[in-house]
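This report refers to the structure that appears directly beneath it.
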Amino acid sequence: MRLRVEIALARAAGSLSRLAGRGGGTTIPGKILATVDPAALGTLAGRLPLGSAIVSATNGKTTTAAMVAEIVGDRVKLAHNRAGANLVSGVASALLYSDGAELGLFEVDEGAFPDIAGRIRPQAVCLGNLFRDQLDRYGELEHIAERWRTAVADLDPAAWTVVNADDPLLTDIARGRTEALRFGIDDPSVARERLSHAADSKYCRTCGAPYDYAASYVGHLGDYRCPNCHEARPPLDVAAKAIALAGLESSSFDLVTPEGTRRVSVPLPGLYNVYNALAAASLSLVLGAGLDDIEAGLGRFRAAFGRFERITAGDRTVLLLLIKNPAGANEVVRTLVDAGAPGRLLIALNDDIADGRDVSWIWDVDFEPLIGSLQELVATGARAQELALRFKYGGLDPARITLLPDLSEALSYGVESTPAGGELVVLPTYTAMLALREIASDQGLVRPYWEEAVA
Amino acid sequence: MKLVVGHLYPEYLNIYADRGNIAVLERRSAWRGIELDYRTIGLGEPVRPGEHDLYYVGGGQDREQALIAPDLAAKGPALIEAVEAGAAFLAVCGGYQLLGRFYRDRSGAELPGIGLLPHHTVAGERRMIGDVLLECELDPGGPQTLAGFENHAGRTHLDEGAEALGRVVSGFGNNGKDGFEGCRVAGAVGTYLHGPLLPRNAWLADWLIARALARRVGEVPELEPLPDELESAAKDVSAERAKSRGGRF
């Protein structure tokens, strides 16, 4: 009874937050509930008849969880934090608004993963990748990895661990789990020539020698092997083969699983989204989906807001591609270059907590492949000057840099400078993406994200 | 004119975008017609006397720092000799710690440093994270400022009489207590400030380039000024950040 009253109170707060025009109220109800009753998360999750699944990763967790929702959502009613509020409060809020839900599907912040996994006792976790990200907030990668190791070891023995086998750090964390499904890419034709500058876990977990890569795909993810102690990528249970990347539009690949092989296509660009699709397919298999569901779900998937979003602005379009850390931004750059690098680019760098207050990460991004064909960079956001310096010292002629720290001004300028029928490519950090969407929403171009989230 | 830069362990110590610092040294040299010959110095590769005019070492995670520490210890005497012979040196974060006498971790175990800079470091409980603003006077002629970002658990204590890089205006600095940041001996500078440090603090890049050139031409040269409006604007924003949200205990 007590919990029921708390739920009603917390929900009322969410409605008030929306009425007051203070965003979607996607975390406020959960914050209230978590404060009133810290055990509520476990209690609410315990009521889900099919249990819960958690998706965590540095990059791609929102997209991966949304893909899983698309694949399994037709058959089971989900409690899913689809607006991307991925701390305890966001998960609690999703549980509050899930009357009749059968399965919990939660994307979880990598720092919050141990706490949330401990409370909701998931029946499956899907671990996508660990990259260096916001060192000011998360601390060193090794520290997160240690906390993940403990959290994974503490999972129920019957719980599934779905893990990206191309990440040596995660393979190591999942070692010893009996119910494990390991996924990875098996297609050297899409491998990079060498490890990117910011590659993280490139030294053997066992002996410290640098790994040899038969193929490196994204950051330190790849087909690795230690030349010294012979620790190597384990055999893949689920693999992507024969990958075809179609510019900025879509990607397709042979999804090889214990249940057979299926050609699947996902309307998202880039190898990093192949990893997301692989992770989603693997977790869905463990949750009982078949290859038909997976193929259909991935095929009709729409990107989570701001990750890859086209906005129509009169007779032009604006393409938003979120950047938040070196590994993710490198893949965005690579995808843009593969599709024909744009002549004009708007990059928005903010330094709020959700972006990382330490902006040094932009110096670890390999922006250089874009610079050769760049006619104009519009640098905007709270740290626009720092971004402009990154490109100046990367070799871009300062005369080609337009510095407009105000996001609204920069967006208007960027759209106006784009020829009719053309597309403005925008790379925003997280809070800059939210702000740019709000500006676009004020102009009637997009729906607010909380409407998108409940749609 | 040519300068030879030796970057120590770039494969291991690169956590806070150290290549930004290298890019600034390269471009600012090139814009003045100075050719910068960039060389890496890896594990097991010797430091030959007189080869380099300027050394750089960045920061890494604990795991990477422990991997290179024994090798750095072996290079220590050659690096000290190089600085005594006039080479410039910039060491950031973990690299700064390893140039001191030792680093003692939370368990009490000591990682030996090379003793190039007169300090030692002891790991503390809480990390010191945030924007920092310093006031420095490396040469007579009025103070200058440095704006950067710090993120370290180590508390560095300078020896009695040692020269700091600067006085902390906002932020934690060496240990969050004594109000000093970094350490300087001749042309060698160690600091916790990354960001990276040199793009928005162009004067320090030029100071290092001039010190390195002095080894070749016999005196510290006057460098041709460059248009630094963007650099100054970026520093102003960073300095504001330090004033409004720099860390303090």
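Residues in region A:121-134: is at least one part of a strand (DSSP E or B), β-branched (Val, Ile, Thr) and over 25 Å from residue A:366 (Cβ atoms)? Show your work before the answer.
Initial filter on region A:121-134 (part of a strand (DSSP E or B)): A:124-127.
Now drop any that are not β-branched (Val, Ile, Thr), which leaves A:125.
Filter once more, so that each one left must be over 25 Å from residue A:366 (Cβ atoms): A:125.
Within region A:121-134, one or more residues are part of a strand (DSSP E or B), β-branched (Val, Ile, Thr) and over 25 Å from residue A:366 (Cβ atoms).
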Original post:
Which of the helices (runs of 4 or more DSSP H) contained wholly in region A:346-455 include at least 2 residues that are free of Cβ contacts under 8 Å to residues at least 12 places away in the same chain, more than 30 Å from residue A:80 (Cβ to Cβ) and away from chain B (no Cβ under 14 Å)?
Top reply: A:407-417
Original post:
Is it true that some residue in region A:138-146 is over 19 Å from residue A:322 (Cβ atoms), more than 15 Å from the chain's Cα centre (by Cα) and part of a loop (DSSP other than H, G, I, E, B)?
Top reply: yes
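Tally up the residues in region A:302-319 that are assigned to a strand (DSSP E or B) and not basic (Lys, Arg), please.
Going through region A:302-319, the residues assigned to a strand (DSSP E or B) turn out to be A:309-313, A:316-319.
If we keep only those that are not basic (Lys, Arg) as well, we get A:309, A:311-313, A:317-319.
Of the residues in that region, 7 qualify.
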**OP:** Considering each of B:234, B:212 in turn, give the residue that is more than 10 Å from chain A (Cβ to nearest Cβ), crowded, with 24+ Cβ neighbours inside 10 Å and either out of contact with any His (no Cβ under 8 Å at 6 or more places or on another chain) or over 30 Å from residue A:403 (Cβ atoms) (or both).
**Re:** B:212
Subject >> residue A:201, sole failed condition from (1) among the polar types (S, T, N, Q); (2) part of a loop (DSSP other than H, G, I, E, B); (3) farther than 30 Å from residue B:9 by Cβ; (4) in contact (Cβ under 8 Å) with a residue 40 or more places away in the chain >> reply: (3)
Original post:
Exactly one of (1) touching a Ser or Thr at 6+ places or on another chain (Cβ under 9 Å); (2) in a loop (DSSP other than H, G, I, E, B); (3) surrounded by 15 or more Cβ atoms within 10 Å (Cβ to Cβ) is unmet by residue A:158. Its number?
Top reply: (3)
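Quick check on region A:48-66. Is at least one of its residues among the hydrophobic types (A, V, I, L, M, F, W, C) and touching a His at 6+ places or on another chain (Cβ under 9 Å)? Break it down stepwise before answering.
Taking region A:48-66 as the starting set, the residues that turn out to be among the hydrophobic types (A, V, I, L, M, F, W, C) are A:48, A:50, A:53-55, A:57, A:65-66.
In the following step, the residues that additionally are touching a His at 6+ places or on another chain (Cβ under 9 Å) were identified as A:65-66.
Checked against the condition, which is being among the hydrophobic types (A, V, I, L, M, F, W, C) and touching a His at 6+ places or on another chain (Cβ under 9 Å), region A:48-66 yields at least one hit.
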Subject >> Any hit, region A:335-352, residues being over 24 Å from the mean Cα position of the chain (by Cα) and more than 22 Å from residue A:307 (Cβ to Cβ) >> reply: yes
**OP:** Tell me which residues, restricted to region A:77-109, are of a type in the set (Val, Ile, Thr) and touching a residue at least 60 places away in the same chain (Cβ under 8 Å).
**Re:** A:91
**OP:** Determine which member of the set B:98, B:116 is over 18 Å from residue B:67 (Cα atoms), more than 14 Å from chain A (Cβ to nearest Cβ) and touching a residue at least 40 places away in the same chain (Cβ under 8 Å).
**Re:** B:116
**OP:** Please work out if residue B:131 is within 14 Å of another protein chain (Cβ to nearest Cβ) and either part of a loop (DSSP other than H, G, I, E, B) or buried (at least 23 other Cβ atoms within 10 Å of the Cβ) (or both).
**Re:** yes
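Kindly indicate which of A:60, A:128, A:100 is surrounded by 24 or more Cβ atoms within 10 Å (Cβ to Cβ), assigned by TED's automatic domain parsing to the domain that holds residue A:285 and at positive phi.
Numbers: A:128 fails: at positive phi; A:100 fails: surrounded by 24 or more Cβ atoms within 10 Å (Cβ to Cβ).
Testing whether each residue is surrounded by 24 or more Cβ atoms within 10 Å (Cβ to Cβ), assigned by TED's automatic domain parsing to the domain that holds residue A:285 and at positive phi leaves just A:60.
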**OP:** Check whether at least one residue in region A:438-451 is of a type in the set (Asp, Glu), over 23 Å from the mean Cα position of the chain (by Cα) and at pLDDT 95 or above, and report yes or no.
**Re:** no
Subject >> Output for region B:140-165, where each listed residue is of a type in the set (Val, Ile, Thr) and surrounded by 19 or more Cβ atoms within 10 Å (Cβ to Cβ) >> reply: B:156
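Being more than 13 Å from chain A (Cβ to nearest Cβ) and surrounded by 24 or more Cβ atoms within 10 Å (Cβ to Cβ) is the requirement here; does residue B:190 meet it? Outline the logic, then answer.
Details: more than 13 Å from chain A (Cβ to nearest Cβ): yes; surrounded by 24 or more Cβ atoms within 10 Å (Cβ to Cβ): yes.
Answer is yes for this residue.
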Original post:
residue A:194 fails exactly one of the following numbered conditions: (1) closer than 21 Å to residue A:62 by Cβ; (2) within 14 Å of chain B (Cβ to nearest Cβ); (3) among the basic types (Lys, Arg). What is the number of that condition?
Top reply: (1)
Original post:
If we scan region A:236-245, do we find a residue that is part of a strand (DSSP E or B), at pLDDT 90 or above, β-branched (Val, Ile, Thr) and surrounded by fewer than 16 Cβ atoms within 10 Å (Cβ to Cβ)?
Top reply: no
**OP:** Out of the residues in region B:134-166 that are more than 14 Å from chain A (Cβ to nearest Cβ) and charged (D, E, K, R), state the one that is farthest from residue A:143 (Cα to Cα).
**Re:** B:139
**OP:** For region A:204-235, name all the residues that are surrounded by fewer than 17 Cβ atoms within 10 Å (Cβ to Cβ) and in contact (Cβ under 8 Å) with a residue 24 or more places away in the chain.
**Re:** A:206, A:207, A:214, A:228, A:229, A:234, A:235
**OP:** Pick out the one residue from A:298, A:255, A:322 that is within 30 Å of residue B:148 (Cα to Cα) and either not in a strand (DSSP E or B) or not assigned by TED's automatic domain parsing to the domain that holds residue A:386 (or both).
**Re:** A:322
Subject >> Qualifying positions in region A:336-345 - at pLDDT below 90 and outside any loop (DSSP other than H, G, I, E, B) >> reply: A:338
Original post:
For region A:333-353, what are the residues that are under 19 Å from residue A:418 (Cβ atoms) and either crowded, with 20+ Cβ neighbours inside 10 Å or of a type in the set (D, E, K, R) (or both)?
Top reply: A:336, A:342, A:344, A:345, A:346, A:347, A:348
Original post:
Within the bounds of region B:107-126, is there any residue that is at negative phi, of a type in the set (Val, Ile, Thr) and not in a strand (DSSP E or B)?
Top reply: yes
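The values are calculated or read from the model by the stated rules, or taken from the named source; none is laboratory data. Quick caveat: nothing in here was measured; it's all calculated off a predicted structure. With ideal geometry, Cβ positions are generated from the backbone for all residues, glycine too; neighbour counts draw on all protein chains shown.
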